[in-house]
Amino acid sequence: MTNLQKRSLLQTVALTAVAVAALVGCGKKEEVAPAAAPGAEAPAKSEPLKIAFMYVSPVGDGGWTYQHELGRRAIQEKFGDRIETSFVESVPESADSERVMRDMAGQGSKLVFATSFGYQEFVQKAAADLKDVKFEHATGYKTAGNVATYDTKTFEGAYLAGIVAGGMTKTKTIGVVASVPIPEVVRNINSFVLGAQSVDPAIKAKVVWVNEWFSPPKESEAATSLINGGVDVMYQNTNSPAVLKTAQERGVRAFGKDGDMSAFAPQAHLGSAVIDWTPYYTKVTQDTLDGKWEGGSFWWGVKEGAMDLVKIADDVPQEVKDRVAKAKAGMKDESFHVWTGPIQDNAGKEVLPAGKVGDNAFLTGIDFYVHGVEGKVPGAK
Ligand code: GUN
């Protein structure tokens, strides 16, 4: 190799290292090796397990991503120097995400959490090449030998919030700012409405789609149009507190979702449907450290401590709070299932007969609105 070739190679390596460090380095804990005494053997110390998290929105979004970040911090705290965690935020659901995951693996990460639905195809592509890395994909449905999927029953939180909405709406019209039209989001919209209708079957609902997970201006615009249409209690499946803030500006009520959003709009806040990813992240980290990672699909909810409705507002009547407590207790001991028939779609067709509980195949394929919701699911026939 000529000197020029050597220099160029070194430069390339240095540049790549800088680029990758810039990309992957946020939140990374540096390990400094202790200096060994001259002549003494350095004590054998096993390398920490490197774990990387990929986030779709900013780490401080106050909702979806922030909750994943709390899970990351919790495992770093719990497992100490046995693991080294890092994250990359605001990664679009595009080929960029595949590049980020490959870089994470290049940096030595052996466990990668891809925390948004739209990463699915890119996880599959990266995982097919990087067989010594375990991939964990949040909310997806495609597994592989080194790809597990995991999710939280966010629809249970939506139902509990719906009970509160049903007890608080005066216009009898509630609304949802919806993000990306996938079954999970349609299921959450419907579950919110079913919760409200368990208090008052006459309640109607409106939905506005923003087609993004995180866009505070669009979320706010959508909330404004719901309020202008007569909605006085709102839920959202987007990542920021924009809907809640808009509710406060306009004197109506709304919920936090994914994270505790009470501090963003205390007067409007009716409760927050909070996800706790920590129990799952702890399990997977422990399994991986023990060499027992097996993959599979996990869907935890209220029963497993992964979902809760917290900080219900003081002015919500006790009778409504009691209904929430009863539903929650039923979710815990499995005596109550949100999706129990009779349930009709908004065209009057029975989708679940009386007494029948929707199984996972039903729940993951919901592509209709329930009775009382205005309009059509985007893309539905
Ligand atoms: N990415 C950001 N927010 C969400 C969410 O609520 N659900 C899913 N599946 N992916 C997300």
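Once the range 263-315 is narrowed to residues that are surrounded by 17 or more Cβ atoms within 10 Å (Cβ to Cβ) and of a type in the set (Val, Ile, Thr), the residue that is farthest from Leu111 (Cα to Cα) is Ile312. Would you confirm whether or not the range 146-155 contains a residue that is within 21 Å of Thr364 (Cα to Cα), more than 17 Å from the chain's Cα centre (by Cα) and among the small types (Gly, Ala, Ser)? For the range 146-155, residues within 21 Å of Thr364 (Cα to Cα), more than 17 Å from the chain's Cα centre (by Cα) and among the small types (Gly, Ala, Ser): absent.
Name the residue that is nearest to Val180 (Cα to Cα), counting only residues in the range 113-132 that are within 16 Å of the ligand (Cβ to nearest atom) and outside any helix (DSSP H, G or I). Step by step, filter the range 113-132, then rank; the result is Ser116. Within the range 338-381, the set of residues being over 25 Å from Gly175 (Cβ atoms) and out of contact with any Phe, Trp or Tyr (no Cβ under 8 Å at 6 or more places or on another chain) comprises Gly341, Glu350, Pro353, Ala354, Gly355, Lys356, Asp359, Ala361.
Could you please give the count of residues in the range 45-89 that are polar (S, T, N, Q) and modelled with pLDDT under 95? Number satisfying all stated conditions: 1. Checked against the criterion of being under 18 Å from Val56 (Cβ atoms) and touching a residue at least 12 places away in the same chain (Cβ under 8 Å), the range 188-199 contains one or more residues that satisfy it.
The values are calculated or read from the model by the stated rules, or taken from the named source; none is laboratory data. This is a predicted model, so every value here is computed, not measured. For neighbour counting, all protein chains shown are included, and Cβ atoms are generated from backbone atoms with ideal geometry for every residue, glycine included.
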